[in-house]
Amino acid sequence: MTIPTQMNWDDPLAPIRPVESAPSSHPAPAPVATPVAVSEVPAPVPDPTLAEAALPELATTTLPDQDITNGTAPQANGSGIAVPVAPVPPTVVATPSSVVPTPPAPAAAPQSREPVRAEDKRVINGQADINQLAPFKYPWAWDMFLNANKNHWTPLDINMAQDVHDYHHRLTLEERHVYENVLSYLTTSDILAMRNVGLAVMEKMSAPELQIYQARQVYEEALHTWTYQHCIESIGLDQGEIYNRYRVVPEINQKIQIANRRLNSVMRPDIDLRDPVELQNFLMAYLFFAAVFEGCWFYNGFSPIFALQRRGLMTGTAEQLQYIMRDEVMHCAFGIRVVKQIMLENDVTPDPQELQAMWLEAEQAEADYARYILRDPILGYQAEEHIGQFRYMANRRSRQLGLAEPFPGAEVALGWLDEQANLRKEKNFFETRVTEYQTGGALDWG
């Protein structure tokens, strides 16, 4: 992204000024009669009499093992007498006054001061001033930024005491397995989501209203990571072991590596989005993170915890995830809107075969993950329901993008999920914070 400037503060072609000579009792050399080009000026030969006359009068006092701080140092002369060495004076060079200076570079044309026009803005490859917010080309992005700020919360707002009791005294071994691995996957995934937006995507946007929402999104991904850490710490789990599972559990690692591959393909400084190949790759990476990573894997990833919540278990963790879910729904909606706008402005569409391959790879990874965390079914939730819900959500995201459904005929497998994900405030007033009512009631799901 190039930021226009109005002034070159470091002009290497400025006129060459004569170098002033150091004061000296010797007369200045005679001026050169004939102009000499800069490249032809001979190297000056130091005058030994000039350096000799500049030497100060030396003392002969012996100074054993003593540092001299004025730049001279005692040196032995063979008889044990330290002889101070005088500092070498700087060479005095007289620059001919007749040197022809290099002419200055022509002044740059002044930058246009015409107001930015909304129609000149673009999602990527735009030429409008990135520092000027209004007029808006994408008012929906600004509205989403305002709306996101209404869903302001921290994990400390939610009481986790009941979850501590549930985990240690009520959950079965199978349910603990589900709970731990869901948190292990989610905490690594949100760091990936944060890096994708903050390091790979945001710098490529050329409209400030888009970047401002994405700045909020980066904060929210960090907040989500804090939330998972707070849950892990509150329960008393081994944090090092939980965080490391994505490295040692193949079914978790597979999903992380798919996302890493997409991220690394666009997190490069040499990308030119005017190149059709690079543009297509960026479009697919953005589509993956919006529709698959956040729109399906995250949305579906919360459902095992919501299944426990339906039975009155781990309700504090589930409420944390309800707040996160509302953020992720907005992230997904924003990402899909941006992808559609890129397609419109650049007359580009995803390659159908590449798109279908993306969905099939994501489905296989989700199926492997589901069969691992639910290797033993828990009450009210099974692996095949999880997989079926992924296919249903994949079709929903594809329709929102205006693209063909990857899994025709897939039906909703968890009919209760949308309602369960919606944050409801039905608590006793004295058992919750007033800010929760303000936060929960202010958000427009849209």
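At a glance:
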quantity	calculated
Cα Rg, Dmax (largest Cα-Cα span) when computed across the range 203-243, Å	15.3, 45
Probe 1.4 Å, all protein chains present, accessible-area order of H224, H230, H169, largest first	H169, H230, H224
Alpha-carbon gyration tensor eigenvalues x 5, square-rooted, for the range 223-365, Å	32, 17, 14
Accessible area (Å², 1.4 Å probe, nearest 10) - L156	110
Environment charge at I373 (Cβ cut-off 12 Å; Lys +1, Arg +1, Asp -1, Glu -1)	-2
Proportion of all alpha-carbon pairs of the range 280-361 beyond 19 Å (%)	47
Calculated log₁₀ intensity ratio I(q)/I(0) where the Debye formula runs over C-alpha points of the range 299-432, q = 0.10, 0.13, 0.22 Å⁻¹	-0.40, -0.65, -1.40
Counted charge near Q389, where neighbours are those whose Cβ lies closer than 13 Å (Asp, Glu -1; Lys, Arg +1)	-3
Exceeding the 19 Å Cα-Cα cut-off - candidates K150/K340; K121/K150; K204/K340; K255/K340; K121/K204	K150/K340; K121/K150; K255/K340
Translational diffusion coefficient (Stokes-Einstein; Kirkwood radius from C-alpha pairs) of the range 335-407 at 25 °C, 0.890 mPa s, in µm²/s	179
Solvent-accessible surface (1.4 angstrom probe) belonging to T315, in square angstrom, nearest 10	50
Cα-based radius of gyration of the range 254-312 once divided by 2.2 N^0.38 Å, which approximates compact folds	1.53
Percentage, to the nearest whole number, of Cα pairs in the range 140-257 over 18 Å apart	60
Formal net charge of residues neighbouring E278 (Cβ-Cβ distance under 10 Å; K, R +1; D, E -1)	-1
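The values are calculated or read from the model by the stated rules, or taken from the named source; none is laboratory data. Computed from a predicted model, the values in this text were never measured in an experiment. All Cβ positions, glycine included, derive from the backbone under ideal geometry; neighbour counts span all protein chains shown. Side chains are part of the model used for accessible areas, which takes the heavy atoms of the whole protein and leaves out ligands, DNA and RNA. Shrake-Rupley method; radii C 1.70, N 1.55, O 1.52, S 1.80 Å.
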